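The values are calculated or read from the model by the stated rules, or taken from the named source; none is laboratory data. Keep in mind that what you see is a predicted model, and the values were worked out from it rather than measured. Quick reminder, even Gly has a Cβ in these numbers, built from the backbone with ideal geometry, and neighbours come from all protein chains shown. To get the accessible areas, we keep the full protein, side chains included, count just its heavy atoms, and leave off ligands, DNA and RNA. Shrake-Rupley method; radii C 1.70, N 1.55, O 1.52, S 1.80 Å.
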Amino acid sequence: MGTRIQSHQLKNGLFVSGRPEQQQKEKQPTMAARAVPYTGGDIKKSGELGKMFDIPGVVEPPKAPPSRASTSSSGSIRNSSSGPIRNSSGPLNVVLPTGLFTSGPLGSGPLGSGPQRRSGQLDNSAVGSGTGSGSSKALYGSAVTSLAGDVKVGFRVSRPVVWVVMVVVVMGLLVGAFLMVAVKKAVILLAVGAVLVPLIVGLIWNYAWGRRGLLGFVRRYPDTELRGAIDGQYVKVTGVVTCGSIPLESSYQKVHRCVYVSTELYEFRGLGGKSAHSKHRFFSWGSRHSEKFVADFYISDFQSGLRALVKAGYGTKVAPFVREATVVDVKKENMDLSSSFLHWLADRNLSSDDRIMRLKEGYIKEGSTVSVMGVVRRHDNVLMIVPPQEPLSTGCQWFRCLLPTYVEGLVLTCDDNQNADVVPV
């Protein structure tokens, strides 16, 4: 019994023998997760392409596990792009969501270098004047001037005058000693003492009152109107201050928007106590830690209303005379330290053992009334006050028996009480 030959009809109407071919379903194009080998022009390294042409010696490239990005769907790839980009643990060649092949894992190029950020977050490490991680100690950049220690106030006397005084003193001592030996009378000793005692008292007086004499000279110095000030003129301007591009903050009380901040820790050294520094004397207060910062700020003249930029930052020499207030006072009767003060000491690696300490803090807040002494500079319609090249000298104050006193840099004074209200700006 013969077998029946199967036949089927084509679309054009013809009948042909054989079974109809099964039409394969169209497959969606997929992205290859396998790394594309680099042939370098050698057909033997092309893998499947070399096998198609029966080329002997074809090297099979090593198989690599598929990358995470290629196995995920397009929807998951879009969702993952909203968060931080993760490095791929697959092969060096990775398929991006755009379909391109790149060498290296995701995020290894210029766009992925460094820590990734999400929208709405702020990178605190980029802020030069912010606080460090886990620490409340302020870290300012080069735009803020860090002042070391107290203002140095010196005496300026010409060398010829000094030599004349020394010669007179030596000659007086020699003549007095010779007359005492020759005449043997106490009157000569009294005459020598009458000459030396006023000199010694004068030196002690100037050493004790030199700083106060300088401050009195600064207060009596007449104010200058900025409208009529010429370039290069030494002026004193009194007005309200406003912050520049970098506002400051006091380290302990956290008073923000300041143009000058100062925090100093003092220790009292008794008999056999610990010294705050190498020159700390017995039964006196010594500075153990000091933080003083000042930045560029603006001052509005009371007389003309003009505003000038005071160049106090970038390492400028500044002589601030600002009253400090005691914010922490540790005595023998009260050794219980507050948590905020202990945290402040820990941030600066300072010990908190049984010591008599006193923490003082001063600042010039925005809106305070300040007097600035410096040189006027005009550049491209910008009015500035810069430090003078020569130190400020008070000259001889004969009525007060004070020798010429000098100070270098910008002179900055503020007599406002820190607890008083300031002018809103």
>> Taking the conditions exactly as written (open to solvent by less than 40 Å² (accessible area, probe 1.4 Å), touching a residue at least 12 places away in the same chain (Cβ under 8 Å) and over 27 Å from the mean Cα position of the chain (by Cα)), does Asp301 satisfy them or not?
In response: yes
>> With the requirement that a residue be exposed (fewer than 15 other Cβ atoms within 10 Å of the Cβ) and either aliphatic (A, V, I, L, M) or assigned to a strand (DSSP E or B) (or both), what does the stretch 262-282 give you?
In response: Leu271
> Mind checking which residues of the stretch 369-397 are in contact with a helix residue (DSSP H, G or I) (Cβ under 8 Å, 6 or more places away or on another chain) and assigned to a strand (DSSP E or B)?
Replying inline: Ser371, Met373, Val376, Leu383, Gln397
>> Being in contact (Cβ under 8 Å) with a residue 40 or more places away in the chain and surrounded by fewer than 20 Cβ atoms within 10 Å (Cβ to Cβ) is the filter here; which residues of the stretch 250-261 pass it?
In response: Tyr252, Gln253, Val255, Arg257
>> Consider the stretch 312-326. How many of its residues are part of a loop (DSSP other than H, G, I, E, B) and crowded, with 20+ Cβ neighbours inside 10 Å?
In response: 2
>> Being open to solvent by 20 Å² or more (accessible area, probe 1.4 Å) and modelled with pLDDT under 90: is that true of Ser290 here?
In response: no
> (1) closer than 24 Å to Val144 by Cα; (2) assigned to a loop (DSSP other than H, G, I, E, B): which one isn't true of Glu333, the others all being true?
Replying inline: (1)
> Going by the structure shown, is Ser340 touching a residue at least 40 places away in the same chain (Cβ under 8 Å), among the polar types (S, T, N, Q) and in contact with a strand residue (DSSP E or B) (Cβ under 7 Å, 6 or more places away or on another chain)?
Replying inline: no
>> Against the condition out of contact with any strand residue (DSSP E or B) (no Cβ under 7 Å at 6 or more places or on another chain), closer than 30 Å to Ser142 by Cα and either open to solvent by 20 Å² or more (accessible area, probe 1.4 Å) or free of Cβ contacts under 8 Å to residues at least 60 places away in the same chain (or both), how does Ala346 come out, does it pass?
In response: yes
> Looking at the stretch 355-370, is at least one residue open to solvent by 60 Å² or more (accessible area, probe 1.4 Å), within 30 Å of Trp205 (Cα to Cα), among the acidic types (Asp, Glu) and modelled with pLDDT of 90 or more?
Replying inline: no
>> Can you tell me which condition Trp285 does not meet? The list is (1) more than 23 Å from Ala148 (Cβ to Cβ); (2) open to solvent by 80 Å² or more (accessible area, probe 1.4 Å), and all the others hold.
In response: (1)
>> Given the criterion outside any helix (DSSP H, G or I), of a type outside the set (Asp, Glu), out of contact with any helix residue (DSSP H, G or I) (no Cβ under 7 Å at 6 or more places or on another chain) and open to solvent by less than 90 Å² (accessible area, probe 1.4 Å), identify the matching residue among Val218, Val175, Val151, Val167.
In response: Val151
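Let's see how each residue does on (1) within 27 Å of the chain's Cα centre (by Cα); (2) surrounded by 15 or more Cβ atoms within 10 Å (Cβ to Cβ); (3) touching a residue at least 24 places away in the same chain (Cβ under 8 Å):
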residue	(1), (2), (3)
Arg377	yes, yes, yes
Asn381	no, no, no
Ile385	yes, yes, yes
Glu390	no, no, no
Gln397	no, yes, yes
Leu402	no, yes, yes
Tyr406	no, yes, yes
Leu410	yes, yes, yes
>> I'm trying to understand the selection: among the residues of the stretch 314-348, which are within 17 Å of Ser287 (Cβ to Cβ) and among the basic types (Lys, Arg)?
In response: Arg323, Arg348
> Taking into account only those residues within the stretch 221-249 that are more than 19 Å from Asn381 (Cβ to Cβ) and in a loop (DSSP other than H, G, I, E, B), which is most open to solvent (accessible area, probe 1.4 Å)?
Replying inline: Pro222
> Is there any pair linking a residue in the stretch 315-331 that is within 13 Å of Gly374 (Cα to Cα) to one that is of a type in the set (Asp, Glu) and open to solvent by 20 Å² or more (accessible area, probe 1.4 Å), with Cβ under 6 Å and at least six apart or on different chains, and which?
Replying inline: Lys317/Glu408
